Amino acid sequence: MVTTPLLPSDYLDLVSPLRAGADLRGRIEAVRPETSDSATIVIRPGKGWRGHTAGQYVRVGVDVDGRRLWRAYSLTSPTNRRDGRVTITVKAIPDGKVSNHLVRRAKPGTLVHLDQPTGDFVLPRPRPAKVLYLTAGSGITPVMGMLRDGACDDVVMVHCAPQPQDVIFRGELHRLVADGTLRLTEIHTDTDGVLDITRLGELVPDWADRETWACGPAGLLDAAEGFWGDHGVAERLHTERFRPGVVVAGDGGRVTFSSTGRTVDADGATPLLDVGEEAGVLMPSGCRMGICFGCVSPLKAGAVRDLRTGEITEAETGVLIQTCVSAAAGPCDIER
Ligand SMILES: Cc1cc2nc3c(=O)[nH]c(=O)nc-3n(C[C@H](O)[C@H](O)[C@H](O)COP(=O)(O)OP(=O)(O)OC[C@H]3O[C@@H](n4cnc5c(N)ncnc54)[C@H](O)[C@@H]3O)c2cc1C
Ligand code: FES
């Protein structure tokens, strides 16, 4: 009663936000530029942090212009870092709200919200004898977490970036090459052109014998999945996508978020998660790419289209939709 309308925990949050039992948060302790448009964010997680497996990602909630936005970022720190801090490495994308905020504006001391690490883009135990990492751009981040864990003996990496200065972690990668831990081929797409996956054998003759982890833009991953499939070794390829593959868009419609009382016009290609956030509606979210179901919301009326398949879902009692991969297909009402 004494502290109403705030709870005692609200006061504790002010003095000890990282304490055990509090909602999981982290304090940004440093922001280290990596390239002209990427930076590593050093975070001290709160007491409830359970630790991660190399290759996993964490959802980070960041307050940008007064709104909390959640995004997934791969953990780039080794799992055994003694100081208890973790790192994510973020590449600022054009018009990207959270990535630009973290790379260009985040300051040490800032608190961010965290979820426990998750994801199955990880090395199995026992470790494979021969590994290939196939990465491009910021897709290097989960693999850097694996490399820093130093787990495998025979590691080959093919990494693509526009120019040498765009290669995130380049100095560290070259040190690993120098000490014999890694064999690396860099492809600088501005001068070499994009990687022709059908010629991978010229770079890595035994690629089909290697267990492969690939992360990068959809074009690279789609080509890799086709290539591995054509050679009958699809089970040796593990991929991580940073955004869902959108194959179908249609007409949009007027979207009502009935719990909040907001109504906006949406096109048929923008995920309802983005539509709701843009309208200031508090939308639950997770991976933002259709894998975690952290964004499901009841569809009360109308119809939505699954952007990955084109499948239409119509409202009926109890229907839940994944707002991160669904767009309006005519007028609809989302219970948020
Ligand atoms: C499992 C997982 C791990 C991830 N790990 C990392 C990581 O380690 N480092 C990292 O930098 N990012 C990572 N991402 C991507 C990250 O979650 C965000 O999608 C990215 O930072 C863009 O967010 P934003 O708020 O800046 O862009 P938004 O404001 O959401 O989007 C701005 C514009 O960019 C487009 N867009 C959104 N995401 C991307 C993207 N990834 N690439 C190109 N265009 C995009 C949108 O369609 C929109 O047009 C990961 C994503 C997933 C699902
Ligand atoms: S946010 Fe993960 S499935 Fe939609």
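The values are calculated or read from the model by the stated rules, or taken from the named source; none is laboratory data. No experiment lies behind these values; they were computed from the predicted model shown. Neighbour counts run over all protein chains shown; Cβ positions are idealised from the backbone, glycine included.
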In segment 289-304, the residues that are within 23 Å of the chain's Cα centre (by Cα) and at negative phi: Met289, Ile291, Cys292, Gly294, Cys295, Val296, Ser297
Test of understanding: among Arg85, Arg27, Arg127, which residue is among the basic types (Lys, Arg) and within 27 Å of Leu184 (Cα to Cα)? Arg127
Only listed residue being in contact with an Asp or Glu (Cβ under 7 Å, 6 or more places away or on another chain) and of a type in the set (Lys, Arg), chosen from Lys91, Lys97, Lys107: Lys91
In segment 309-318, is there at least one residue being under 30 Å from Gly55 (Cα atoms) and either within 16 Å of ligand 2 (Cβ to nearest atom) or not in a strand (DSSP E or B) (or both)? yes
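Please find, within segment 273-306, the residue that is modelled with the lowest pLDDT out of those that are among the aliphatic types (A, V, I, L, M), within 16 Å of ligand 1 (Cβ to nearest atom) and surrounded by fewer than 22 Cβ atoms within 10 Å (Cβ to Cβ). So that I can check it myself, show each step before the final result.
Initially, segment 273-306 is screened for residues among the aliphatic types (A, V, I, L, M), giving 273, 275, 279, 281-283, 289, 291, 296, 299, 301, 303-304.
Applying the additional criterion that residues be within 16 Å of ligand 1 (Cβ to nearest atom) yields 273, 275, 279, 281, 283, 289, 291.
Among the residues that remain, those that are also surrounded by fewer than 22 Cβ atoms within 10 Å (Cβ to Cβ) are: 279, 281, 289, 291.
Working: Ala279: 92, Val281: 92, Met289: 88, Ile291: 85.
The extreme case among them is Ile291.
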Starting from segment 56-68, take each residue that is without any contact (Cβ under 8 Å) to a residue 24 or more places away in the chain and list its partners that are part of a strand (DSSP E or B) and of a type in the set (Val, Ile, Thr), counting only C-beta distances under 6 angstrom and pairs at least six apart or across chains. none
Which residues, counting only those in segment 228-272, are within 30 Å of Ala208 (Cα to Cα), in contact with a Ser or Thr (Cβ under 8 Å, 6 or more places away or on another chain) and at pLDDT 95 or above? Trp228, Arg236, Leu237, His238, Glu240
Screening Leu111, Leu69 for residues that are touching a helix residue (DSSP H, G or I) at 6+ places or on another chain (Cβ under 6 Å) and farther than 29 Å from Glu186 by Cα leaves only Leu69
Tally time: how many residues in segment 129-164 are more than 24 Å from Asp192 (Cα to Cα) and buried (at least 23 other Cβ atoms within 10 Å of the Cβ)? 4
Kindly establish whether Gly245 is more than 13 Å from ligand 2 (Cβ to nearest atom), at negative phi and out of contact with any strand residue (DSSP E or B) (no Cβ under 9 Å at 6 or more places or on another chain). yes
Residue that is farthest from ligand 2 (Cβ to nearest atom), among those in segment 78-96 that are among the basic types (Lys, Arg) and more than 27 Å from Glu278 (Cβ to Cβ): Arg82
Test Leu102 against the stated conditions and say whether it is outside the structural domain of Pro205 (by TED's automatic domain parsing) and within 11 Å of ligand 1 (Cβ to nearest atom). yes
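Yes or no: Ser258 within 16 Å of ligand 2 (Cβ to nearest atom), small (Gly, Ala, Ser) and in contact (Cβ under 8 Å) with a residue 24 or more places away in the chain?
No, not satisfied.
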So Val247 passes all but one of these: (1) in contact with a helix residue (DSSP H, G or I) (Cβ under 6 Å, 6 or more places away or on another chain); (2) loosely packed, with under 15 Cβ neighbours inside 10 Å. Which condition number does it fail? (1)
Which ones in segment 228-245 are under 24 Å from the mean Cα position of the chain (by Cα) and either of a type in the set (A, V, I, L, M, F, W, C) or not in a loop (DSSP other than H, G, I, E, B) (or both)? Trp228, Ala234, Glu235, Arg236, Leu237, His238, Thr239, Glu240, Phe242
Restricting to segment 158-203, name every residue that is closer than 17 Å to Ile140 by Cβ and modelled with pLDDT under 95. Thr181
Matching residues in segment 156-186 - criterion: being at positive phi and within 23 Å of the chain's Cα centre (by Cα): Phe169
Here are some residues: Thr309, Thr317. Which one is farther than 30 Å from Ser74 by Cα and among the β-branched types (Val, Ile, Thr)? Thr317
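For residues in segment 265-304 being aliphatic (A, V, I, L, M) and assigned to a strand (DSSP E or B), which is farthest from ligand 2 (Cβ to nearest atom)? Write out each step before concluding.
Taking segment 265-304 and keeping what is aliphatic (A, V, I, L, M), we get 266, 269, 272-273, 275, 279, 281-283, 289, 291, 296, 299, 301, 303-304.
Filter once more, keeping what is assigned to a strand (DSSP E or B): 266, 296, 299, 301, 303-304.
Details: Ala266: 17, Val296: 7, Leu299: 14, Ala301: 21, Ala303: 18, Val304: 13 Å.
Filtering first and then ranking leaves Ala301.
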Out of (1) crowded, with 22+ Cβ neighbours inside 10 Å; (2) assigned to a loop (DSSP other than H, G, I, E, B), the odd one out for Ser74 is which? (2)
